[in-house]
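Scroll down for the structure; my scribbles are underneath it.
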Amino acid sequence: MVVERSSLPFKNEIVSETNLFEVGQDWEVPIPGFFIIAAKREEIKSIGDFNSKELKEFTQLLYILRKVMRKLGIETVMMFQDEEVDHFHMWILPRYPWMEKFGHKIESVRPILEFAKREMMTQEVFQEIKEYVSKARELMIKGFDY
């Protein structure tokens, strides 16, 4: 059963939070493990706007998140950031076998996102997303040997 976007039963859930960043699941696009790292300082629009503390924390957070994603079975991703949005977000899009038909280049992102919004707004996918968020949160808290 496809669920209307206006009736989504939840808001973004935080996977991890540091002093300077939040990691959350993108609930607008129902792809399990489609995570966003967002800066808390609103005036940041680019990695080039980070101060040295933000740069260090972001790099470490991204490194840990990718290790977590691999533990969740996500071997490859596409990362992108748009400096024309209100403030800094890094999107980390997992690559799944069902995405092969859209190709591997940056042009594949829009059709993948549109397909997910159109075809994957289901309770089953939402449950899978919640499980990914829960497992990712647990792994982020647990940590890794760096």
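Scanning the range 29-54 for residues that are of a type outside the set (K, R) and exposed (fewer than 14 other Cβ atoms within 10 Å of the Cβ) gives E42, E43, S46, G48, N51, S52. Screening the range 78-92 for residues that are more than 21 Å from I141 (Cβ to Cβ) and either among the hydrophobic types (A, V, I, L, M, F, W, C) or touching a Leu at 6+ places or on another chain (Cβ under 6 Å) (or both) and picking the one that is surrounded by the fewest Cβ atoms within 10 Å (Cβ to Cβ) gives V85. Number of residues in the range 96-119 that are within 17 Å of the chain's Cα centre (by Cα), farther than 18 Å from G73 by Cβ and part of a loop (DSSP other than H, G, I, E, B): the value is 0.
What strands (runs of 3 or more DSSP E), lying completely within the range 1-86, carry at least 1 residues that are at pLDDT 95 or above? Break it down into steps so the answer makes sense when it comes.
Details: elements: 14-17, 21-25, 35-39, 77-80.
Filter on the range 1-86 gives 21-25, 35-39, 77-80.
Residue count for the range 12-36 under the criterion of being touching a helix residue (DSSP H, G or I) at 6+ places or on another chain (Cβ under 7 Å) and among the charged types (D, E, K, R): the result is 1.
So, K130, is that one assigned to a helix (DSSP H, G or I), closer than 21 Å to E13 by Cβ and in contact with a Lys or Arg (Cβ under 8 Å, 6 or more places away or on another chain) or not?
Spelling it out, it is not the case that K130 is assigned to a helix (DSSP H, G or I), closer than 21 Å to E13 by Cβ and in contact with a Lys or Arg (Cβ under 8 Å, 6 or more places away or on another chain).
The residues on offer are D82, D49, and the sole one that is without any contact (Cβ under 8 Å) to a residue 12 or more places away in the chain and either more than 19 Å from P30 (Cα to Cα) or touching a Cys at 6+ places or on another chain (Cβ under 9 Å) (or both) is D82.
Pick from the range 127-146 the residues that are at pLDDT 90 or above and among the hydrophobic types (A, V, I, L, M, F, W, C): which of them is surrounded by the most Cβ atoms within 10 Å (Cβ to Cβ)? First the steps, then the outcome.
Taking the range 127-146 as the starting set, the residues that turn out to be at pLDDT 90 or above are 127-140.
Still in the running and among the hydrophobic types (A, V, I, L, M, F, W, C): 129, 133, 136, 139-140.
Values: I129: 21, V133: 22, A136: 24, L139: 20, M140: 20.
Filtering the range 127-146 for residues that are at pLDDT 90 or above and among the hydrophobic types (A, V, I, L, M, F, W, C), the one surrounded by the most Cβ atoms within 10 Å (Cβ to Cβ) comes out as A136.
Of all residues in the range 96-126, those satisfying the criterion of being within 26 Å of L61 (Cβ to Cβ) and crowded, with 18+ Cβ neighbours inside 10 Å are M99, I112, L113, A116, F126.
The values are calculated or read from the model by the stated rules, or taken from the named source; none is laboratory data. Fair warning: this is a prediction, and the values are worked out from it, not measured in the lab. Please note: Cβ atoms are built from the backbone with ideal geometry, for glycine as well, and neighbour counts cover all protein chains shown.
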